Structures are given as structure tokens and as C-alpha cells.
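Visitor: For reference, the structure I am asking about is given below.
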Amino acid sequence: MDYPLICAISTPEGIGGIAIVRLSGEGSWALAKKVFRPHTPFSWDEAQGYHLHYGHVIFRDKIYDEVLMALMRKDHSYTKEEMVEFQCHGGRLAAHRIMELLLALGAKLALPGEFTKRAFFNGRIDLSQAEAVIETIHAIDEKDLDFSLTRLKGDKGRNFLRIRDDLIALIAETEAVIDFPEDGLDDTVADTIRRRVLKMVEEIDREIAKAEEGKVYRHGIATVIVGKTNVGKSSLMNALLREDRAIVTEIPGTTRDVIEDTVILEGIPIRLMDTAGIRRTDDPVEKIGVDRSRESLQRAELILFVTDKDGEFDEEEKDILSACVGKKVIVIFNKEDEIDYRHEQRREDITPHKGVFLSAKKGTHLEDLGHAVRELFLSGVIAENDNEWVGNLRHKESFMLAKNHLLEVLKAQEMGMPLDFQVIDLRGAAEALGEIGGETISMEILDRIFSDFCIGK
Amino acid sequence: MNPYLGGKYDIIVVGGGHAGVEASLASARLGMKTLLLTLSLDHIALMPCNPSVGGPAKGHVVREIDALGGQMALNADATQIQMRLLNSSKGPAVQALRAQSDKHEYRMRMAWTVQNQENLDVKQAAAERIIVEGDHVAGVLCDHDLKFLSRAVILTTGTYLKSRIIIGKELTPAGPNNQPMAGKLSAALKDLGLELFRFKTGTPARVDRRSIDFSKTKEQPGSEKPLAFSYMTKEFNRPNISCYSTYTNPRTHDVIRENLHLAPKYSGIIEGVGARYCPSIEDKVVRFADRDAHLLFLEPEGLFTNEIYVQGMSTGLPYEIQEKFMRTIAGLEHVEIMRPAYAIEYDGVIPTQLTPTLEYKKIKGLYGAGQINGTSGYEEAACQGLMAGINASLKLKGEEPFILKRSDAYIGVLIDDLVNKGTNEPYRLFTSRAEYRLLLRNDNADLRLTELGRRIGLVNEERWRVFNERVEEIKAVKTWLVESKFKGSEEKVAAYLDDKGSAPLRGGISGAALLKRPNIDIRELAALDDRAGQWHDDALNEAEIEVKYEGYLQKQRDQVRRFEKTEGRRIPDDINYRDVSGLRLEAAEKMDEIRPYTIGQASRISGVSPADISVLLVYLTSKKNKEQKKIEEKGKNHDCL
């Protein structure tokens, strides 16, 4: 079969210790043989996979670089094809020169995600595993990385497969009752459906909860700090940034003018949105207009409402709080070192919100804020240290769709709809679950997954 | 010696069973000069197995055949001795008509229709070879040193190809009912390069009505309401004869177990593959060892015979054992066998060698329809015969082929399955084989297909008129439903709702809205409203389904649209599957063999996985993108000039 040889630089742009040039497809070894001069001669015919060879890339007497060359055999590589990796000196130049040489000798430049696509097409990984690869690359948090790696392994806790199998068995039993009306098959089938569907809904709910919790780790919590001027919003901001020395990055956010800072608090990534705006509030002239707040609040998943007020909130604070209706809010009673809060009373005042007492300036009790966030966002459905299969957003959508179909089945039963109508939604649910592992074919899903890949993976 | 030229035809149909009669009638009615060859003029449209037509999915097909201008429904209506509506509580899509037939009347009436059809000759002769010139069919060579020439040939050989009958250890080279079989044709087909399979099927014993004690069995009467497959059937004066049911018991199973070594399947005599869904009684006893009773039906075979068909008791056990185990069954203690049960093995041609018009890819003008394609059942055979007859005629006329989609008809599902997946056991239609069965109902077969039949030319004036009347009537009922007002203040309305356990009405709502409530029946609504017309039950029923289940119907239509978006995507005819990088070799070979027209068709080929389809989709998309780019670049260059 025709396997075009592909190559790409697999390490990121920039200066680093080493850079890796990757080659995959039939003829990889033959091409490597043309350009690689080993320090210790070896027989290519008897060479083993997963072995490193030290030497130089040399072509027509020109030395390209000093490299370590890794050989991987067909069926025992990332793509399931014959592969070679050259580890050359860092920086772009050496790697580029080697890649250009390989291209000149007939290899083709790999498209984004092409290596993984081949792994998928060659049957090494399924769709949910292919996605896990992207997510491993983009992981921003330790727990997030664990999820991706567990899914990549692809052997454990894949409940969606089991639920789908159950569903298909149930469909088959129901169809038998319909197609063999004269065989006197059990007419209690409606009860059976009800019982089993309820159980499946429960299982799917758990998967959805896991995916939601996974999302917290994967994407962080979009957070806005609000409050009146001089209550200590920027101190809180600075305290959080100080708490997490390793500021992950400054990622341009969804809109052009918003800058996000991500901090990890108690292991949970928190995305502080619109912090630039908040920083400016140090300027005593500028107050946060309620309108402006409202806009930020719309996008936030968590609102940190800072106050230094002992006693009733004033009108402005009440305005801000009323704009937070339907959001998860933590009221931060700042400056606990200066103000004596009458704890019990205040706690009641702020229901349904949570309250935390801390001093941003002194950095005391920041961990309480972490615990409050954890309580608000994590139901504990994902156990610590347990390598569970946790779905991503796409999986969650499929689970939700499947669940809706199953609820339709129950509704149809209540409405006294005949058996056949229940089967329609049972099938719909099975189809939705099939989207997770790729049993159900959809061009849109394929496109979505592979468009996220970077070159060289 | 030169064979005698018996005649020249447009189309020759080889075999006069259920597929053969539909094929030859369709072809003759479409103006083709047609010859029907049969091994025996006495056995045209024979029912060698169950004396019945219809059932889930099968009954749907009968109505589809009718809508397209076929004969089966009319013949079944005219010769039925009992009619029932099955699955009436399980939903409109899975309801199906089933007729008990007078098997002799069925056969004679169909033979009479065929013999009197204009453009159609019927002759008794055994086809032995197919004449092929180049890669095109040219006629048929028969026994008696007889030759017929034609532009197309349709093979509808049923279970007669090199068949043999097995009863215990006794093997007889014969067709059903010990008739002569076609001994030479299958070898000749092999010589043409076609690949054959060998299947097995069976039929239970026929017993003497007078030897049964019906008081120990349960009566299963036919419907009191007049029912018919065809909307053209206007006379309902047929007798209504009951069937009866009874059960096997542990003693029956003991007799069977003790003699299992005598059954051909267990003694190793049978080579052919049987159907899982139609197991012999010995299979049932072995496979469901924990069940101590199996249901069986006693079905009359006709008005002028005492033969009773023992449904559910097909077996390959010897005569003696058959009678012995049947006599353990309640009501059958003194039963007398009139004809023993037997198993039958036969050759067929692997159907993946066909295009969706049922023409063989290798030999132009040669078609296959019915059991030769690996199906089982009269209805499955008949619809293929009809489609082959239509397509052979259309091709000779130089017109577009007639292919039904899976979302059009059960016939479409059946043929799509056969030519793409093939089958490794006798293929029977089930409603569960249809993805969109809510749209493929028994009640709307005519609404789905009559217009198509009209376009082809098989729907005559009378049928067209009846159809249009029905369409208008349904429209009238639906208009009434939408425009009517039922008021809670009206006493009879309030009483009706109370009676149904339905919530009382505050103001007034339309009949359509009311009908969507559980337990509300359109006939009862019509009785409550003076403005309701005197409509036929069929029209009321149709409108009720369309209104009551509107949400579900829409859901299914959406599914079809989604399906057609991805799966309806065309695969270029000139695709080279070896060029598709990443496609597994096995999948590439399968697709190359079938040459699917669409992604959907490709996905249903057995041995092709969803991952293979993903690979193909990505290939087609990237190819399209590249071509698009080329065009754009060309455009750019042009601008430069």
C-alpha cells in the first residue's frame, strides 16, 4: 500500500536543549540510512526497534548535525508505521536543516496532527484516545494531564462502552418482542426497559458529573473579582499571584482586550479574568461601574466579592451582589487582621453565598478560599489518585444527548406510547454514546478533533 | 447439432415462483415481450412452506409491492381464509397484516393471472445454461434441445438449484415437495464466473385435520373486521377459518433428545447453512434447554384439503420420530402425518455480485431475484422479482434505473443489505432491519410508493384514481382535526374526557391537540363532532397516526436528513481504493469488490469498520479541497495574465 513518507519537527519553536525531527511511513529507515553515519557501525537489516544510535547526519560530505537516532519498527511505533526520530542540537537551525534535507530526499511535510491521525487510521488508537493526545499536549494542570493520559491508555473504566453494550442488548431484546409477535415472548418488556434505562441514566449522570469536574481541571474556573474601591481587590489579586509562584502564562483570552492570569489554588486552576481592569481600580478616581461589572459577570463562573464592611452591605454592594444572581459567589471578608467581623451573623446574611475571612495583604487564610472553591465546584465524583476515565466537553455533549434520549424513553412510557416509540430513543441513545469512541461516524466530529492538532504530533 | 430456437424475447424469467411471477408480470406490463420458464406449469406460485402471506416487515413489503403495481397483495386478498392485524398494541410502524392462504387457490389464481397476461408466454422447460456473448447475456438453453434468445434474463430459481431433500438419513435429489430440481444450471452459473453459496431450510409436517383434538388447543380466530393488503380489494366475502395453538412439553423434548443423533444437522449430513431465526424443533430443544415448552400453531392449508401446517415444528428427524414426538403434544395425541417434515439444501448465487438494480456486475443483462440471492420467504422473493422485472425493462428502454433507498421502503432496505452485506444465512426481513421504520409503515406504503409506481408505468388508471381519492380523504380528515373545536362546556365532550381519565378542558381546543393526549381515539372524536365527515377507517387511521405521533415522525425525518448529509455523500466512480492512504487492505479489497456509490453504502459493507469509513471520508474531503485549491490557483494565474 502507498504510505507517503512524512516528516516534521516535533519539538516547539524556540531555543531548547534538543530538537527532534520525526519521520514516519514506509521507507523511513531506508531514508535514514542514506543520511545517517553511525559512530559504531551496525547492521540496518538486523537493527531493533526502540534503540538509540549515536552518529552524524551527513549527506554528500556535508555534516548537518551530531544526533541520536531512534529507530522504531512498523507496528511498534506511535503511528504503527516504520518511524525514525533524530534528536539533534536545540535551536531551530539544526533541526530545520535536517528536515529540509529529508524533504529534499522525498519525504513530505506532515500536516498538523498527521502522525496521530495515522495512529487512529492504522487502528492503534480510537477516537477518544486521539483526542486525549491533543489534550495531553495542551494540559494546563496536573490532574488534567492525568485525565488525558488515562484516556490515552484506553483500557480502564471506559464505562461508555459498557453502557452502550447494555443499550444494544436491550434494543435487541425489545426488537425480538416486536418482530416475533407470535412467539409468546415476555410481555413484561416495558418494565424491563424502565428498570434498565433508569440504571443507565444514573450511570450516565455520573459520567456527566465527572466530565464537568474534569472541565474544572482542564479549563480552569473563569473568575472575576468584584467589590467597591479600596476593599482590597488588587491585594487579593496580588496575594493569589504570590501564592502561586509559577504563574502559568498570560493567555490572550476570548476577546481581544481581555488578559487572563491563571493561578493554581489548592490544585484547581483559576482563571482571573479582566484583572487588568481591576488593577486599574487602584486609581481612586475610577470606580467600577455596575454596567461594566455586569458584563464581566456574565462570562464568569465564579465571582469573588470582596468587602471590608462589618455590618450591612451598602446600596452599591447590594447592587453588585444582585447582579450576581445565578452565579457561584464567594464573599471575601478582607482585612480580617484589622476588622473584627461578627462571624455568625454575617454568615447568615450572605446566604446562598459562601463566606471566607482572610487578609489579602498579610496572606492569611488564603487556603480557606481554596477550600471554598473546591466545595463549590467539585462534588468529589473524581476520587484523588484514582486514574478514572474522565470525559471531555465533547464526550459530555454526547452523554447529555444520550441521557435526553433515555429520558424521552421514560416519558414515552408515561404517555402510554407504544413499544416501538421507546425503541426510537433507545437507538438514539446508543448512537449518541457511539460518538464518544467513534463507532458512530460523523464527519463533523472528525474535523473538530483533528483541527486541534499541532504540527509534528 | 443446433438447438431448436423456441423464440426471441426481450426478457426471459427463469423460474415461476413468487419472484418469477412478479418479475414476468412487471416486465410484460411494461411492454417487454416476456417469457416465463418454469419446471412445472402445475407449480406456479407454489407455497411449499407456510400457507400464509405477511407478518411484521413481510406484510409491509406486500403493501409496497401493491403500491408499485405488483400482484402479490391482490392474489393474497383474493385467496385468504383468515386475516389478522399483528402487533396492534406495539405501535403503528410495527403493525402488520398477516393472511392465512388457501395454498391451492393462491397458486391457481396466480397461474391464471400469469397465463392471461398480455406480452407474456409461459412455458414448461428446464433452463440448463445461460447464453452469454462477450459480457452480455443473450438467452437461455433448455432441456428438450431448446433455445430461447433474449436481451435480458432474470434468474428466479428459488430453492431448486441442485437441491436435495433430507428426512433423517434419507437423501433425495429433488426440489420442494419432491418435485424435479434444476440439476445443471448451478454448474453453468459457476462456469460464468459467478460465486455460489449453499443454504438449508426446512418445512414442518402436514397433518390430517381429522386426527387433531382441537378441544385441547387454543383457538386463534381471524379478524372480524374486513382487512386487506390492497386498497384495490373491494370484496370481503372470504371465509374466516381459525388457527389453533398448543405447546410442546418435557415428554416431547425427551423424545427429541433421545433421537438427536438421527437429525441431519447433528449427524453431519447437512452442508448448507440454516437460519438462526427459524430453528428446527431439535435446535430449539438443544439451544433453549431450560425451556420446557415451545409454542406451535396449527394452520389450515386450504378449503379443499385436510392438511394442517404445524408451524414451529420444522425438523430433519425421520418420519417415525416425527410422528412419535408430535403425539406427545396436547391435542395431537392421535395425529396422523399426511406429509412428513423435511430439510432442503440448495444452491444460490452470492448477492454481493449484484448491483442495486439486481443485475450481475459481471454479466450485463443477467439479473437475480428471490431465494437465489439468499433470502427466505415469499414476500422477500416477490419484491425482488418485481424490482428486477422493473429494472430489466427500464434498462432495455434506456431509462434511469429504479432504486429505492433505505428511507423509502423495506424493499430498499432488503436490496441494500443483500448487495452490500451479503448474507451468511437465509435472509429474512425484520422491522428492526429498517433504521427509519416509523416512516416505512404498513399504513402508508401506498402514500410512499404509488406515485413512483405511476411514473414507472405499473399503476393503472383505476389504482391511480383510488389512490388520489384516498389522499384527498386523508387531507380532509386532517383539515377537520385542525379546524375543529372541542369545548369543555359541552356535556358529551366533558363526559368523554372523564371516561378516558383525561383532564377536563377549560376552554376549547382543536381535535388535533386533543388527539395528542394518551387514550384519545380519532373515531371517538369524530363521533363527538357533527362536522366530522363519513370517512373510511383507513383515512381516519392515517390522519390519526400523522397527527398523534407528529413529534416522533419529525424526529425520524431529521434522522434521515442527517443520514443523507454524511452517508448520502457520493463516492467517485473512478476511485482507486489502493490510493487511499491508511485504508486497511481488507477494507480496500471489500470496497473494491462492491464499488459502493455512497459513503452510507460503503459503511454497510460487512468487513468495513467505522474507522475505515473515517479514513475514506478524510481522503474524499482532502481530495476535494485539493481540487478546489487547484481551481482557485488556476483562477489566480488567470488574473495575473
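The values are calculated or read from the model by the stated rules, or taken from the named source; none is laboratory data. Please read all numbers here as calculations on a predicted model, not as lab measurements. Cβ coordinates were reconstructed from backbone atoms using ideal geometry, including for glycine residues, and neighbour counts include every protein chain displayed.
Visitor: Which one is surrounded by the fewest Cβ atoms within 10 Å (Cβ to Cβ), of the residues in segment B:506-563 that are within 15 Å of B:Gly91 (Cα to Cα) and polar (S, T, N, Q)?
Guide: The extreme case among them is B:Asn519.
Visitor: Could you figure out which of (1) part of a strand (DSSP E or B); (2) more than 14 Å from chain A (Cβ to nearest Cβ); (3) over 28 Å from B:Ile456 (Cα atoms) isn't true of B:Val140?
Guide: (3)
Visitor: Another question about this same structure. Is it true that some residue in segment B:191-202 is surrounded by fewer than 14 Cβ atoms within 10 Å (Cβ to Cβ), in contact with a strand residue (DSSP E or B) (Cβ under 9 Å, 6 or more places away or on another chain) and assigned to a helix (DSSP H, G or I)? Spell out the reasoning first.
Guide: First, the residues of segment B:191-202 that are surrounded by fewer than 14 Cβ atoms within 10 Å (Cβ to Cβ): B:191, B:193, B:195.
Applying the additional criterion that residues be in contact with a strand residue (DSSP E or B) (Cβ under 9 Å, 6 or more places away or on another chain) yields B:191, B:195.
Pick out the ones that are also assigned to a helix (DSSP H, G or I) and you get B:191.
Yes, segment B:191-202 contains at least one residue that is surrounded by fewer than 14 Cβ atoms within 10 Å (Cβ to Cβ), in contact with a strand residue (DSSP E or B) (Cβ under 9 Å, 6 or more places away or on another chain) and assigned to a helix (DSSP H, G or I).
Visitor: Follow-up question, since we're still on this one. Listed residues B:Lys516, B:Lys487; which is within 14 Å of chain A (Cβ to nearest Cβ) and among the basic types (Lys, Arg)? Lay out the reasoning, then the answer.
Guide: Numbers: B:Lys487 fails: within 14 Å of chain A (Cβ to nearest Cβ).
Every option except B:Lys516 fails the conditions.
For every residue, the table says whether it meets (1) within 12 Å of chain A (Cβ to nearest Cβ); (2) crowded, with 24+ Cβ neighbours inside 10 Å; (3) under 18 Å from the mean Cα position of the chain (by Cα).
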position	(1), (2), (3)
B:Ala67	no, yes, yes
B:Ala76	no, yes, yes
B:Leu86	yes, no, yes
B:Lys103	no, yes, no
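Visitor: Okay, moving on. How about segment B:296-309: which of its residues are within 14 Å of chain A (Cβ to nearest Cβ) and within 11 Å of B:Arg339 (Cβ to Cβ)? Steps first, please.
Guide: So in segment B:296-309, the residues within 14 Å of chain A (Cβ to nearest Cβ) come out as B:296-299, B:309.
Hit for segment B:296-309 is B:Tyr309, nothing else.
Visitor: Have a look at B:Arg448, B:Arg441, B:Arg428 and point out the one that is under 18 Å from the mean Cα position of the chain (by Cα), within 14 Å of chain A (Cβ to nearest Cβ) and under 30 Å from B:Arg595 (Cβ atoms). Outline the logic, then answer.
Guide: Numbers: B:Arg448 fails: within 14 Å of chain A (Cβ to nearest Cβ); B:Arg441 fails: under 30 Å from B:Arg595 (Cβ atoms).
Step by step, each of B:Arg448, B:Arg441, B:Arg428 is checked, and only B:Arg428 is under 18 Å from the mean Cα position of the chain (by Cα), within 14 Å of chain A (Cβ to nearest Cβ) and under 30 Å from B:Arg595 (Cβ atoms).
Visitor: Which condition does B:Glu118 not pass, out of (1) among the acidic types (Asp, Glu); (2) closer than 19 Å to B:Ile154 by Cα; (3) touching a strand residue (DSSP E or B) at 6+ places or on another chain (Cβ under 8 Å), if it passes all the others?
Guide: (3)
Visitor: Within segment B:564-592, can you find the residues that are part of a helix (DSSP H, G or I) and crowded, with 17+ Cβ neighbours inside 10 Å?
Guide: Taking segment B:564-592 and keeping what is part of a helix (DSSP H, G or I), we get B:564-566, B:577-579, B:585-592.
Listed by number, the residues that qualify are B:Thr566, B:Tyr577, B:Ala587, B:Ala588, B:Lys590, B:Met591.
Visitor: Right, something else. So B:Asp558 ticks every box in (1) within 14 Å of chain A (Cβ to nearest Cβ); (2) assigned to a loop (DSSP other than H, G, I, E, B) but one. Which box is left unticked?
Guide: (2)
Visitor: Name the residues in segment B:64-92 that are charged (D, E, K, R) and farther than 28 Å from B:Tyr160 by Cβ, would you? Break it down into steps so the answer makes sense when it comes.
Guide: Initially, segment B:64-92 is screened for residues charged (D, E, K, R), giving B:64, B:66, B:77, B:84, B:90.
Selection gives B:Arg84, B:Lys90.
Results for (1) out of contact with any Cys (no Cβ under 9 Å at 6 or more places or on another chain); (2) among the charged types (D, E, K, R); (3) over 30 Å from A:Asp126 (Cβ atoms), shown as yes or no for each residue.
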| residue | (1), (2), (3) |
| --- | --- |
| A:Pro12 | no, no, no |
| A:Ile18 | no, no, yes |
| A:Gly25 | no, no, no |
| A:Ile63 | yes, no, yes |
| A:Met72 | yes, no, no |
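Visitor: If B:Ile372 satisfies all but one of (1) over 20 Å from B:Ala93 (Cα atoms); (2) of a type in the set (A, V, I, L, M); (3) at pLDDT below 95, what's the number of the condition it fails?
Guide: (3)
Visitor: When segment B:5-31 is examined, which residues are found to be charged (D, E, K, R) and either touching a strand residue (DSSP E or B) at 6+ places or on another chain (Cβ under 8 Å) or part of a strand (DSSP E or B) (or both)?
Guide: First, pick out the residues of segment B:5-31 that are charged (D, E, K, R): B:8, B:10, B:22, B:29.
Selection gives B:Lys8, B:Asp10.
Visitor: Scan segment B:234-263 for residues that are surrounded by fewer than 18 Cβ atoms within 10 Å (Cβ to Cβ), closer than 26 Å to B:Arg63 by Cβ and of a type outside the set (Lys, Arg) and jot them down.
Guide: Once the filter is applied, which keeps residues that are surrounded by fewer than 18 Cβ atoms within 10 Å (Cβ to Cβ), closer than 26 Å to B:Arg63 by Cβ and of a type outside the set (Lys, Arg), segment B:234-263 yields B:Glu235, B:Phe236, B:Asn237, B:Pro239, B:Asn240, B:Ile241, B:Ser242.
Visitor: Between B:Ala152, B:Ala138, which is surrounded by 24 or more Cβ atoms within 10 Å (Cβ to Cβ) and either closer than 24 Å to B:Met32 by Cβ or modelled with pLDDT under 95 (or both)?
Guide: Values: B:Ala138 fails: surrounded by 24 or more Cβ atoms within 10 Å (Cβ to Cβ).
One residue alone meets the criteria, B:Ala152.
Visitor: Would you be able to tell me the number of residues in segment B:438-451 that are surrounded by fewer than 18 Cβ atoms within 10 Å (Cβ to Cβ) and aliphatic (A, V, I, L, M)?
Guide: Qualifying residue count for the region: 1.
Visitor: Could you list, in sequence order, the residues of segment B:370-415 that are of a type in the set (Gly, Ala, Ser), crowded, with 23+ Cβ neighbours inside 10 Å and part of a helix (DSSP H, G or I)?
Guide: Result: B:Ala381, B:Ala382, B:Gly385, B:Ala388, B:Gly389, B:Ala392, B:Ser393.
Visitor: Another question about this same structure. Do you know which residues across segment B:38-61 are more than 14 Å from chain A (Cβ to nearest Cβ) and either charged (D, E, K, R) or in a helix (DSSP H, G or I) (or both)?
Guide: Within segment B:38-61, B:Leu41, B:Asp42, B:His43 meet the criteria.
Visitor: Do we find that B:Arg470 is touching a residue at least 60 places away in the same chain (Cβ under 8 Å), closer than 18 Å to B:Pro92 by Cβ and not in a helix (DSSP H, G or I) in this structure?
Guide: It is false that B:Arg470 is touching a residue at least 60 places away in the same chain (Cβ under 8 Å), closer than 18 Å to B:Pro92 by Cβ and not in a helix (DSSP H, G or I).
Visitor: Please note which strands (runs of 3 or more DSSP E) are completely contained in segment A:5-88 and include at least 1 residues that are farther than 24 Å from A:Gly113 by Cα. Explain how you work it out, then say what you get.
Guide: On the way: elements: A:6-9, A:18-24, A:36-38, A:51-59, A:62-72.
Strands (runs of 3 or more DSSP E) meeting the threshold: A:36-38, A:51-59, A:62-72.
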